[in-house]
1. Pairs needed: first member in region 121-146, over 19 Å from THR81 (Cβ atoms) and free of Cβ contacts under 8 Å to residues at least 40 places away in the same chain; second member anywhere, surrounded by fewer than 19 Cβ atoms within 10 Å (Cβ to Cβ) and not aromatic (Phe, Trp, Tyr); C-beta distance under 9 Å; at least 6 residues apart or different chains.
2. Within region 38-47, identify whether any single residue is surrounded by fewer than 17 Cβ atoms within 10 Å (Cβ to Cβ), assigned by TED's automatic domain parsing to the domain that holds ILE137 and among the hydroxyl-bearing types (Ser, Thr, Tyr), and answer yes or no.
3. Any residue in region 138-145 that is modelled with pLDDT of 90 or more, assigned to a helix (DSSP H, G or I) and on the phi < 0 side of the Ramachandran plot?
4. Inspect region 182-195 for any residue being more than 26 Å from LEU29 (Cα to Cα), modelled with pLDDT of 90 or more and of a type in the set (A, V, I, L, M) and give the result as yes or no.
5. With respect to VAL92, determine if the residue is over 30 Å from the mean Cα position of the chain (by Cα) and closer than 21 Å to ASP8 by Cβ.
6. Determine which member of the set GLN100, GLN128 is assigned to a helix (DSSP H, G or I) and farther than 25 Å from ASP153 by Cα.
7. For the structure I just gave you, tell me whether VAL62 is in the same structural domain as ASN79 (by TED's automatic domain parsing) and under 26 Å from the mean Cα position of the chain (by Cα).
8. Quick test for you: out of PHE232, PHE173, pick the one residue that is among the aromatic types (Phe, Trp, Tyr) and modelled with pLDDT of 60 or more.
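The values are calculated or read from the model by the stated rules, or taken from the named source; none is laboratory data. Treat the numbers as computed from the prediction; the structure is a model and nothing was measured. Heads up, the Cβs are rebuilt from the backbone with ideal geometry, glycines too, and the neighbour counts pull from every protein chain shown.
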Amino acid sequence: MASPGFTDVFAALVAVVNTKFPEIGRLLLVRVVLQLKRAYKRNDKPQLLAATKFIAHLVNQVVAHELVALELLTVLLENPTDDSVEVAVGFVKECGAMLQDLSPQGLHAIFERFRGILHEGEIDKRVQFLIEGLFAIRKAKFQGFPAIRPELDLVEQEDQFTHEISLEDDVDFEEAGHKLMKIKLEPGQEELSEHLGIRLLNERLNDPTMQGSFESIFPKDHPKNTRFSINFFTSIGLGGITESLREYLKNMPRLIMQQQKPASSESESSGSESGSESSSGSSSESESELESSSDESDRRRSKRRKRT
């Protein structure tokens, strides 16, 4: 993707690797789709063009299923803009010949959508000329735009392995985390902090009578959960209400040490008590031994006196 001029060469290499290690082919396809979605959300046109071109050649090499291409075109043309239509035109140029063979009805539906965009006339003239040029290429049966160059046709048909994925199948733990960071608020609630102000909102959230209701929102059971809550509210622009959590997290090591000190003092006191008990027991035992020895000496003396 860093060298768009060699995209078809890299796709051919992926096709060869995919015959021996299909897992690698699927992983690469999933990651390219993920980069495409990120570029689409950020309106990063150069990155989007590179990603779509790579996917087009993966479709040409039958590494990716043609449904991925049709789904991508549907997304690009659903709400047409100058950039999205231009990307879609370039994508069809790259893999249109293969789509014409694999899914002619799907490609026909895409061209009907292009025709509708032309009739609407809401896009730039330059982009309209691009669409008209695409119709001319289709009429010429994509001459000059072959699906695979002969020198890159390296995989036999019986060795090909096609991955069927959707644009929604590439969600990993990072993307899931990003989706979880989105919260749907009812109308009016999003302006709560603006109307009340951070100071008044903090006072209400720190009300002692309401602390039981906010334990799951501002958790203090584990440092990991506390940090997640701080990061969440900071990311949605409400970092000011996490001051108490930040202070608690800062003082958490000190609190742990304070909790450990009473436990250690109790163990020391119990040890000293046991030591005193053992010492008192040993002293009593020694006293009893002394008493018994004195009694025996007295008896011996009395016996000697009787003999004399």
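1. Note: pairs meeting the criteria are PHE135/ARG115; PHE135/LEU118; GLN143/ILE137; GLY144/ILE137.
2. As a first pass, look at region 38-47 and keep what is surrounded by fewer than 17 Cβ atoms within 10 Å (Cβ to Cβ): 38, 41-47.
Checking which are assigned by TED's automatic domain parsing to the domain that holds ILE137 leaves us with 38, 41-47.
Retained after the next criterion (residues that are among the hydroxyl-bearing types (Ser, Thr, Tyr)): none.
Checking region 38-47: not a single residue is surrounded by fewer than 17 Cβ atoms within 10 Å (Cβ to Cβ), assigned by TED's automatic domain parsing to the domain that holds ILE137 and among the hydroxyl-bearing types (Ser, Thr, Tyr).
3. yes
4. no
5. Values: over 30 Å from the mean Cα position of the chain (by Cα): yes; closer than 21 Å to ASP8 by Cβ: yes.
When the stated conditions are applied, VAL92 passes them.
6. Details: GLN100 fails: farther than 25 Å from ASP153 by Cα.
Going through GLN100, GLN128 in turn, the sole match is GLN128.
7. Details: in the same structural domain as ASN79 (by TED's automatic domain parsing): yes; under 26 Å from the mean Cα position of the chain (by Cα): no.
Against the criterion (in the same structural domain as ASN79 (by TED's automatic domain parsing) and under 26 Å from the mean Cα position of the chain (by Cα)), VAL62 does not qualify.
8. Values: PHE173 fails: modelled with pLDDT of 60 or more.
None of the others qualify; the one that does is PHE232.
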